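Down below is the structure, laid out as C-alpha cells.
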Amino acid sequence: MVALKTFQNLTQDKKEAVVRESLREFALHGYEIASLSNVITRLGLAKGSFYRYFESKQALYLFLLERCTALRLQFDTDHVDSSIRDLPGLLMEHFAAKIKFDKQFPLHSAFLYSVLLEKNNDELKDIHLENKEKILQVTRKVITGLTGKNAIRADIDVNMLSFMISELQVMILSYIQLKYHIDFRENIRTGIPLYSIPDKEMLSIAKKFVDILYNGVTLK
C-alpha cells in the first residue's frame, strides 16, 4: 500500500511523526477502535489535511504493516548469522534479533504484535492470516536450508515445522508477558520496549522453550 504523494513530499521529520503517532494509536487500540481523530489531534493537523496523506484508515494501516514488516525482515537479515547450521542455534539468533528490534523500534514491534491479535472484519478481511503467511514464507526458506545441510530430519514436514517455529516466538513472548505481569499498553504509552525485563532473562526463557521443541519431553 502506497501513501499519497502529499505524504511523500513531507519532510522526513514530519513523515516520522505521522508514522510514530499512527503506530502508537493502532498498537494501543487495535484497528477497530483506533481513531484517526486522535492521531490528527496529537499531530496538530487539520482533519482535511491528513486525508491528503492517506485516503482512509485502512490505507494507513496497510501502509504501516508493509513498512514495519519490511523493516523487521531487513533487521533479521542484518542481525542473524545465517551460517549457523543447527536449528536451536538459529532459533536463538532470531530471538536475540527480536529483542534488539523491540528495543530499537518499540512502536513498530508493538504494532506488529497487535496485528497478530486482530480479528477478521470487513475492511481488513483476514489480514492477520495474510501476515502469518508472510512470516511462514520466510521461516520455510530457513527450514528448507537447514534440511539441505542435514541439520534436521529429512522426513520432517517443512510446512508443519515452519508453523511451529513461527508460533513458538509468539508463545515465548506471551509466556514472558504472563510470568512478569507486563502491561503492554503502559509500555507503549511510555515509549519503552514491550518486554521491559533484562535481555539475559528473556534469552534464558527462550532457550528452555527451544530445548523442549528440539529435544522433546520424554525420557530417553
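Observations, loosely collected:
- The dipole here belongs to the chain: it is taken about the Cα centre, uses +1 on the Cβ of Lys and Arg and -1 on the Cβ of Asp and Glu, and is about 300 debye.
- Among Ser166, Ser83, Ser49: highest mean-square fluctuation, GNM of the chain, C-alpha pairs under 10 Å: Ser83
- In terms of surrounding Cβ atoms within a 10 Å radius of their Cβ, Arg153, Arg72 rank from fewest to most as Arg153, Arg72.
- Selection of GluC sites (Glu not before Pro), segment 24-116, meeting DSSP coil and at most 16 other Cβ within 10 Å: Glu55
- Alpha carbon centroid spacing (whole Å) that separates segment 62-80 from segment 101-128: 12
- Cα gyration tensor shape for segment 42-136, rounded if a/c is under 1.5, else prolate or oblate: prolate
- For segment 157-170, the Karplus equation 6.51 cos²θ - 1.76 cosθ + 1.60, evaluated at θ = phi - 60°, returns couplings of 6, 4, 5, 5, 5, 4, 5, 4, 5, 5, 6, 4, 4, 5 Hz by residue, with Gly and Pro reported as x.
- Order of Val142, Val39 under a 10 Å beta carbon neighbour criterion, fewest first: Val142, Val39
- Taken along the Cα-to-beta-carbon direction at a fixed 7 Å, the label points for Glu123 and Phe209 span 3.0 nm.
- Shape of segment 116-172, Cα gyration tensor, a/c cut at 1.5: prolate
- Scattering curve values for segment 89-142, log₁₀ I(q)/I(0), Debye with Cα scatterers, q = 0.23, 0.28, 0.31 Å⁻¹: -1.00, -1.10, -1.12
- Kirkwood Rh and Cα Rg combined as Rg/Rh, segment 66-215: 0.96
- Cα centroids of segment 139-207 and segment 20-46: 28 Å apart.
- Couplings for segment 177-189, taken from phi via the Karplus curve 6.51 cos²θ - 1.76 cosθ + 1.60 with θ = phi - 60°, read 4, 5, 4, 9, 6, 7, 9, 4, 4, 5, 5, 5, 4 Hz in order; Gly and Pro are left as x.
Each reported figure results from applying straightforward, stated rules to the coordinates on display, with no laboratory input. Computed from a prediction, not measured in an experiment: that's the story for all the values here. Cβ atoms come from the backbone with ideal geometry, glycine included; neighbour counts cover every protein chain shown.
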